[in-house]
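The values are calculated or read from the model by the stated rules, or taken from the named source; none is laboratory data. Quick caveat: nothing in here was measured; it's all calculated off a predicted structure. Here the Cβ positions follow ideal geometry from the backbone for every residue, glycine too, while neighbour counts run over all protein chains shown.
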Amino acid sequence: MIQPAKPADLVTVNVDGKDIAVPKGTNVIEAARQLGIDIPHYCYHPKLTIVGNCRMCLIEMGLPAVDPATKAPIVDPATGKPKINWMPRPQIGCGTNASPGLHIRTTSPLVKDCREGVMEFLLINHPLDCPICDQAGECKLQEQSTGYGRGYSRFVEQKNVKPKRTQLGPRVTLDDERCILCSRCIRFSKEIAKDDVLGFIDRGSYSTLTCYPGRKLENNYSLNTVDICPVGALTSTDFRFKMRVWFLKQTNSIDTESSVGANTVVWSREGAIYRITPRRNDEVNDTWMADSGRELFKAVKAADRLTAIKVNGADSELDIAINAATQLCKEGGVAVVGSGRSSVEEQFLTKKLADTLKASTFLVSWVGQGDKLLVSADRNPNVRGALVTGLIKTLPAPKLTDLAAQIDAGKIRTVISVGEDLAAAGLSAVQFAKISVIYLGTHANATSAAAKVVIPTQSVFEKHGTLVNQQFRLQKFAQAVPAPVGTTDDLVVLAKLAGVAVADVGSAWKLIAAEVPALGTMTFVNIPETGLLLDATPWAALPFVEGETLHYKPAVPAAVTA
Amino acid sequence: MADFYFNLPLWFRSLVQGLAVIAVIFPIAGMCSMAERKVSAWLQGRPGPNRALPFWFAWVPVVGPLLQRLGIFHVMADGGKMLFKEDSLPGHVNKFYFILAPIIAMMPALTTVTTVPFGAYFDVAGNVIPLGLARVDIGLLAVFAVSSLGVYSLILAGWASNSKYPFLGGVRASAQLISYELAMTLSVIPVFLWINAPGQPGTMSLARAVEFQSQPGLLGGAWFIFIMPVAALIFLVSLFAETNRHPFDMAEGEADLVGGFHTEYGAFKWGLFFVAEYSHMLIGSGVFTLLFLGGWNPLPWVTLSQLAVWLHVAQLPLVVGVLSIAIFLAKVLALIFFFMWVRWTVPRFRYDQVMEIGWKKLLPLAIANLIAYAIGIAVLQK
Amino acid sequence: MAIIPLERKPLTFVERTYLPGIASGLKTTFKHLFQPKVTMEYPEQRPAISPGYRGVPTLVKDPHGREKCVSCQLCEFVCPPKAIRITPGEVPADQTDRTHVEKAPQAFDIDMLRCIYCGLCQEVCPEEAIFLQNQYSMTGYSRAEMVNDKARLYELGGTLPDAHFKWDKKLVAEQHGNAH
């Protein structure tokens, strides 16, 4: 792991004749990466411990020659440069740390020879599975074969037979023949997931990856082993044989299952999402994400998806529905139930809507069990966005008891719900009967069934926007697939209801930058892909519900123990 | 029966005769389109269209397959197709003139027929009576005057189509027709100088030209193509240009103008242009036959009357009439074949070459030819 | 390379009139009127298909009548006009002699309105399952008819000889087990 270093900790190393200053302790693979030099490797992973068992990253290493008597560097009289003592044997790059004056060769004939030798050994027992292997296209073994492979096999003996199609757990399928024994999955389970179920049995070329007898790889992070597997040994049962990765379009997105806001990549083809994988962000989720977050895309094509605009139960059109909603709001006694699942832009427009209607605003807190890693207790991805945009001043309550009381008192007659199921949030059938509901949401539920006006909106995969995670980090997500016919961007619907001229995220941000002090001078395109940390001090004293996660420590002890 | 016919009112007879001629011209023009396809195929080593066969005709032995191989039924199929396919009218055209143009194309083509004699018979006194719809003395002048109107249809079509290629085609057609009209007219003047002796009432009658080629004697029986070959050549070349035939079909050169003036036309309107072009060819060939190829005389120095006497049919006007028409038509169709033969042999000229041939070559040649024959005839007829 | 200047002779007067040229041209074309016709009368006469002909792409089965395609989608990837569309899937459990292959196409469509007969799919196929064979006449009355689905592709393709049987060898090795 690279820690930010003080200049004093920097050491200069030389890779292929180029000098670079790197923090002390950086290994050679990372140092070379900073120079744009790729050292092939399988078992090394920047977020896992180093074991050095694949031998692919072999490099030549040398240190400046030192006079034994004076300890002064010896200068080569021929070149005028310090003389380098090259080690006769190659070293592994992952296990070699930067030290002052370290010299590395990554392109010498010895290194090339080593890589070709390692590749040939790795391929001895590797099956010719590429046509049916899901890893094809993102397989390190394939990639290195093109660089260092022989193109034909000298191995005339019978290849080893190992179990294929082993179900390691509910979501992971193992093909042991393809395994190159890098042990990344074992280290991940032990070090990150803290669920030490994987291990090798047998010796030599019979070594086989298996689960501990009687156990399964079924923790909520099991699919990360599929991500880090450099070959096609561990495959996702869900994604298995679904689509070749080279057909898939990658879109950067954010995991919305909790306030951690893990960075993700959405893989889609022709409007259909096939899988979600984590995107590296060392400040948020490293290179991991929870299995539960990878299932979220299935809601996009769910059967209960709302695709028809309804007014009083009859199919309608957007402008008519907006008019009907406006008429309902004119009667007064309006409450707006915003959502911690909306994007910052939508929350901003929700606030504008509430201001226009002089309505009271509510937010629902959805709380679950935090796992101290990448799923937090706060299952709303954007409660802090509501604070930043001023939609709420205090943290939301789990149930809408205030709203229920006001309805009972007859003060509220119309409720606009931005994607929140009011029934699940504590409103009874009696209270529903007293109010007219305007529902903006993606999926059918009790509230949409009871609503007078239903306007189908779009999921996080179908629109652009930003979320503020638990660290007050502003992160943006992009549209991965086109939205189903009949749905409208939440931004557009809210803007029309509020009477604001906003057509897309860009125009929304012009307004936001002008009206929200914390987000002034910002535009949507300028938000970096790794997120932007906002000043959290105004809300530092609030008792947020989250406990500790991978890169987050609560400032105030959690109100609800997670 | 003949008496009954001649007792009918004149207007009725003219109508019947006119319709009869149109009824002959139209199918011949249609057949020419098939002949064009067949001749082009044969000249190129292909069998040509030989598929269409009505199912009820397939049973006829020998004749059925023969007609099929000759592609006769393709004519009907083409005609039926052109009649019944969608006659689309492009949205950007001037609709009135767009529809008017093909009609105008047909009118001069059919009108000129009236002044072209196509056969002859002998009355009781042995006089040659030419067969024709209108026995007008201006003859050739009428043909020239009316057939030149045909170019208006091309210009109208090109202009009304409101599209650049038809427009260019129309402009080319007008320029080309004007250029070759001059040479063509000048080339026939020697013929009429020859026919019209000084001091006698003059004539432009085409029948008279045939009569002149039917005289006894070496010079009298010779066709004018032998007497004035240069004039015949000029007339023939100009005829190619006037009828927009290869190698002078600048108005519809598909390589540079898509379809030329008829690019925007389809279905029956296009078919009318097509038939008009063949009608023009028929009439042009007829005039050429009358002027230079001895009209209805079977061979040079062998006249129709001689043939009739040899065949012992001189006293049967109907037989002589049919015989003369057959001889005349054979010559015309041979010329039409020549038109096609040239089309599939000679590549198309460039437009500047067409203009150069017309103005710089044919016109001076025609003037020189006229002056030479004028002097020659003046000397001979002194 | 030496340059050989060719002298172009000036045309004589007769040649410049263009008439002898036309006459000789007419003679040549006239001769063709009477020469035998060389056209092949298509539906009755059929051309001889030379080896290596690239006709309609088809899917073939191995000599045991088993599906060869494993839906690796390389042909779909390489296809320049994007005529191929594959939905991958698992080998059905009832094909007991093929379950070890694991993967097979659920659906395999080739849009013959898009196909350009380039043969790249045949060239790229790692399983020798797709071949451009002798079929050259593809017609249909609708766009849907011009899309060959999996059943039609196998019907067109038939069975071709196979020298490798690589999956059978793999199955034998699997049943044989390791040597220890």
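Structure above, values below:
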read-out: Condition met for residue B:362 (part of a helix (DSSP H, G or I), within 14 Å of another protein chain (Cβ to nearest Cβ) and in contact (Cβ under 8 Å) with a residue 60 or more places away in the chain); value: yes
read-out: Test: residue in region A:170-189 that is assigned to a loop (DSSP other than H, G, I, E, B), over 22 Å from residue A:118 (Cβ atoms) and of a type outside the set (Ser, Thr, Tyr); value: yes
read-out: Pairs, first closer than 13 Å to residue B:364 by Cβ and in contact (Cβ under 8 Å) with a residue 60 or more places away in the chain in region B:177-193, second among the hydroxyl-bearing types (Ser, Thr, Tyr) and assigned to a helix (DSSP H, G or I), C-beta under 6 Å, six or more apart; value: B:183/B:238
read-out: Any hit, region A:437-460, residues being farther than 19 Å from residue A:314 by Cα, over 35 Å from the mean Cα position of the chain (by Cα), in the same structural domain as residue A:477 (by TED's automatic domain parsing) and not in a helix (DSSP H, G or I); value: no
read-out: Residue check, residue C:20 crowded, with 17+ Cβ neighbours inside 10 Å and in contact with a helix residue (DSSP H, G or I) (Cβ under 9 Å, 6 or more places away or on another chain); value: no
read-out: Residue that is nearest to the other protein chains (Cβ to nearest Cβ) [pool: residues in region C:122-180 that are surrounded by 17 or more Cβ atoms within 10 Å (Cβ to Cβ) and part of a strand (DSSP E or B)]; value: C:130
read-out: Leading residue by the ranking (surrounded by the most Cβ atoms within 10 Å (Cβ to Cβ)) among those in region C:28-53 that are more than 14 Å from chain B (Cβ to nearest Cβ) and either modelled with pLDDT under 85 or within 14 Å of residue C:137 (Cβ to Cβ) (or both); value: C:53
read-out: Selected residue [over 30 Å from residue B:328 (Cβ atoms) and within 14 Å of another protein chain (Cβ to nearest Cβ)] from B:69, B:46; value: B:46
read-out: Residues satisfying the stated conditions in region A:232-260, i.e. of a type in the set (A, V, I, L, M, F, W, C), surrounded by fewer than 23 Cβ atoms within 10 Å (Cβ to Cβ) and in a loop (DSSP other than H, G, I, E, B); value: A:239, A:241, A:243, A:248
read-out: Residue in region A:309-316 that is of a type outside the set (D, E, K, R) and within 18 Å of residue A:411 (Cα to Cα) present; value: no
read-out: Any chance residue A:185 is under 20 Å from residue A:237 (Cα atoms), more than 14 Å from every other protein chain (Cβ to nearest Cβ) and over 23 Å from the mean Cα position of the chain (by Cα); value: no
read-out: Selected residue [charged (D, E, K, R), in contact with an Asp or Glu (Cβ under 7 Å, 6 or more places away or on another chain) and within 14 Å of chain C (Cβ to nearest Cβ)] from A:269, A:240; value: A:240
read-out: Helices (runs of 4 or more DSSP H) contained entirely in region A:290-405, each with at least 1 residues that are in the same structural domain as residue A:420 (by TED's automatic domain parsing); value: A:318-330, A:344-357, A:383-389
read-out: Qualifying residue in region B:326-338 (condition: assigned to a helix (DSSP H, G or I), within 12 Å of chain C (Cβ to nearest Cβ) and among the aromatic types (Phe, Trp, Tyr)); value: yes
read-out: Every residue from region B:99-147 that is crowded, with 22+ Cβ neighbours inside 10 Å, more than 17 Å from residue B:280 (Cα to Cα) and among the aromatic types (Phe, Trp, Tyr); value: B:121
read-out: Filter result for residue C:115 (within 14 Å of chain A (Cβ to nearest Cβ) and at pLDDT 90 or above); value: no
read-out: Hits in region A:384-401 (condition: closer than 20 Å to residue A:533 by Cβ and among the charged types (D, E, K, R)); value: A:384
read-out: Condition check for residue A:277: crowded, with 22+ Cβ neighbours inside 10 Å and at pLDDT 95 or above; value: no
read-out: Those residues of region A:296-318 which are free of Cβ contacts under 8 Å to residues at least 40 places away in the same chain and not small (Gly, Ala, Ser), in sequence order; value: A:298, A:301, A:315, A:317
read-out: Residue check, residue C:75 under 22 Å from residue A:239 (Cα atoms) and in contact (Cβ under 8 Å) with a residue 24 or more places away in the chain; value: yes
read-out: Filter result for the condition that a residue is more than 14 Å from chain A (Cβ to nearest Cβ) and free of Cβ contacts under 8 Å to residues at least 40 places away in the same chain, over C:84, C:110, C:4; value: C:4
read-out: Tally, over region C:87-107, of residues that are surrounded by fewer than 18 Cβ atoms within 10 Å (Cβ to Cβ), within 11 Å of chain A (Cβ to nearest Cβ) and either hydrophobic (A, V, I, L, M, F, W, C) or touching a Leu at 6+ places or on another chain (Cβ under 6 Å) (or both); value: 1
read-out: Tally of residues being free of Cβ contacts under 8 Å to residues at least 60 places away in the same chain and closer than 30 Å to residue A:448 by Cβ across region A:270-292; value: 4
read-out: Some residue of region A:406-420 being touching a residue at least 60 places away in the same chain (Cβ under 8 Å), in a loop (DSSP other than H, G, I, E, B) and of a type in the set (S, T, N, Q); value: no
read-out: Subset tally (residues that are closer than 10 Å to residue B:348 by Cβ and not in a loop (DSSP other than H, G, I, E, B)) for region B:228-251; value: 1
read-out: Matching residues, region A:41-70, being touching a residue at least 60 places away in the same chain (Cβ under 8 Å) and among the charged types (D, E, K, R); value: A:47, A:55
read-out: Qualifying residue in region C:12-21 (condition: of a type in the set (Gly, Ala, Ser) and over 38 Å from the mean Cα position of the chain (by Cα)); value: yes
read-out: Candidates A:299, A:303, A:308, A:272, filtered to the one that is in contact with a Gly (Cβ under 7 Å, 6 or more places away or on another chain) and surrounded by fewer than 18 Cβ atoms within 10 Å (Cβ to Cβ); value: A:308
read-out: Wholly within region A:13-129, strands (runs of 3 or more DSSP E) carrying at least 3 residues that are out of contact with any Phe, Trp or Tyr (no Cβ under 9 Å at 6 or more places or on another chain); value: A:18-23, A:58-64, A:84-86
read-out: In region B:12-65, residue farthest from residue B:246 (Cα to Cα) [restricted to those that are at pLDDT below 80 and β-branched (Val, Ile, Thr)]; value: B:60
